[in-house]
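A short write-up of the structure that comes next.
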Amino acid sequence: MNANASLRAGFAGLGTMGLGMARNLAARGFPLAVTNRTMEKAIRLASDLAGGPAAVTPLPSPARVAELADVVVSCVSDGPDVEEVHLGPGGTIEGARPGTVVVDCSTIDPAVARHVAARFAEKGVAFLDAPVSGGQKGANEGTLSFFVGGEAAALEKARPVLEAMGKRITLLGPSGAGQLGKATNQVIVAGTLAAVSEGMAFAKAAGLPLEALHAALTGGAANSWALEVLGRKMLDRDFRPAFAIKHQQKDLAIVLKAARANGVPLPGAALVHQLLSALEAKGRGEEGTQALLTLYEELSR
Ligand code: NAP
């Protein structure tokens, strides 16, 4: 007996993150309706998963998905895209009913999340902002961390769906609080990126054996996810994107706007935003954020 078969799920936005997230929903047995701007991706996903534990139905719009789903999840790029998918023509709001829960996992401006939630509330539809941390690996492996803003009752309804995609689901407050939680995550990620880049540039300039030093550092108080994962890539001179500079820049723009709205200066995050801008100006926005190392190297003797 499939315990999840009674809760119908929907998914809009089958990109780097969304594809793995949707696959995990189907693998856990949720009847799933999917849509994507480029519809071929939704059709291909449904055909890949045919014969699996749950029916996967590709549909041409978020509105059609919402008609069939109890919980609709979206993961698109930025605030205007979230507004288009949910409030635009053919958007989720046209198909959702009172009692539907809409969960948006995109990283966007908290003010936009609050606005979208208010529009859904007029229809008796709950909207949760639930941006994620964990990257494509976490999306594929179902180990994402969700930062959630919205009503507790709506989260309880959506919880089985989120549990199929992630390991930590944390309600942080009303609408927008999830986005503020993710913004905090990005402040810390930016700071540790800069610290590791600066440290590795210094060690290289000082002529230290970098492999041995990295092993020593990861065993001590300087250790962090950034040192382990991004530091490793720096040693390998691997600047391919796991998390692209242009994506970190979108997130830091959200962070700095929210910081201003809350009257808090974030000089560290602002500095990293400017340094990454210098790489973007060189046409390197598609590279991984660990490429920040090279900027410090260029500034060195
Ligand atoms: P992505 O690969 O660029 O995928 C974006 C998806 O959104 C695609 O399916 C795209 O459709 C769809 N989309 C974009 N704009 C749309 C619009 N106006 N209307 C309808 N559909 C639209 O992005 P991603 O890496 O999956 O990231 C998605 C979100 O998760 C972003 O907010 C990002 O900041 C956040 N995030 C990403 C990571 C990461 O490591 N990648 C980690 C944590 C959080 P098409 O297929 O037609 O282009």
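The values are calculated or read from the model by the stated rules, or taken from the named source; none is laboratory data. Not measured: the values here are computed from a predicted model. All Cβ positions, even for glycine, are placed from backbone atoms using ideal geometry, and neighbour counts span all protein chains on display.
For region 32-50, the criterion of a residue being within 14 Å of the ligand (Cβ to nearest atom), under 29 Å from His247 (Cα atoms) and in contact with a Cys (Cβ under 9 Å, 6 or more places away or on another chain) is satisfied by no position. Number of residues in region 203-235 that are without any contact (Cβ under 8 Å) to a residue 24 or more places away in the chain and assigned to a helix (DSSP H, G or I) equals 11. Looking at Ala130, Ala63, just one residue is touching an Asp or Glu at 6+ places or on another chain (Cβ under 7 Å) and free of Cβ contacts under 8 Å to residues at least 40 places away in the same chain, and that residue is Ala63. No other residue among Val76, Val85, Val72 is in contact with a helix residue (DSSP H, G or I) (Cβ under 8 Å, 6 or more places away or on another chain), closer than 17 Å to Ala117 by Cβ, more than 12 Å from the ligand (Cβ to nearest atom) and in contact (Cβ under 8 Å) with a residue 40 or more places away in the chain apart from Val72.
Against the definition (closer than 15 Å to Phe30 by Cβ and part of a helix (DSSP H, G or I)), how does Ala46 come out, yes or no?
On the way: closer than 15 Å to Phe30 by Cβ: yes; part of a helix (DSSP H, G or I): yes.
So Ala46 passes the test.
Here Ser106 does not fit the description of being within 14 Å of the ligand (Cβ to nearest atom), of a type in the set (Gly, Ala, Ser) and in contact with a strand residue (DSSP E or B) (Cβ under 6 Å, 6 or more places away or on another chain). Examine region 241-259 for a residue that is at pLDDT 95 or above and loosely packed, with under 12 Cβ neighbours inside 10 Å, and state whether such a residue exists. The answer is no; no qualifying residue exists. Within region 233-262, being under 14 Å from Gln274 (Cα atoms) and acidic (Asp, Glu) holds for one residue alone: Asp251. Taking each residue of region 91-114 that is without any contact (Cβ under 8 Å) to a residue 60 or more places away in the chain and looking for partners that are away from the ligand (no atom under 15 Å from the Cβ) and of a type in the set (Val, Ile, Thr) with beta-carbon atoms closer than 7 Å, six or more apart or interchain, yields Ala96/Val125; Pro98/Val125; Thr100/Val125; Val101/Val71; Val102/Val125; Val103/Val71. Only one entry in Gly13, Gly29, Gly20 is within 15 Å of the ligand (Cβ to nearest atom) and at positive phi, namely Gly13.
Results for (1) within 16 Å of the ligand (Cβ to nearest atom); (2) surrounded by fewer than 17 Cβ atoms within 10 Å (Cβ to Cβ); (3) among the charged types (D, E, K, R); (4) within 29 Å of Arg232 (Cα to Cα), shown as yes or no for each residue.
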{"position": "Gly124", "(1), (2), (3), (4)": "no, yes, no, no"}
{"position": "Lys137", "(1), (2), (3), (4)": "yes, yes, yes, yes"}
{"position": "Phe147", "(1), (2), (3), (4)": "yes, no, no, yes"}
{"position": "Leu155", "(1), (2), (3), (4)": "no, no, no, no"}
{"position": "Val161", "(1), (2), (3), (4)": "no, no, no, no"}
{"position": "Ala206", "(1), (2), (3), (4)": "no, yes, no, yes"}
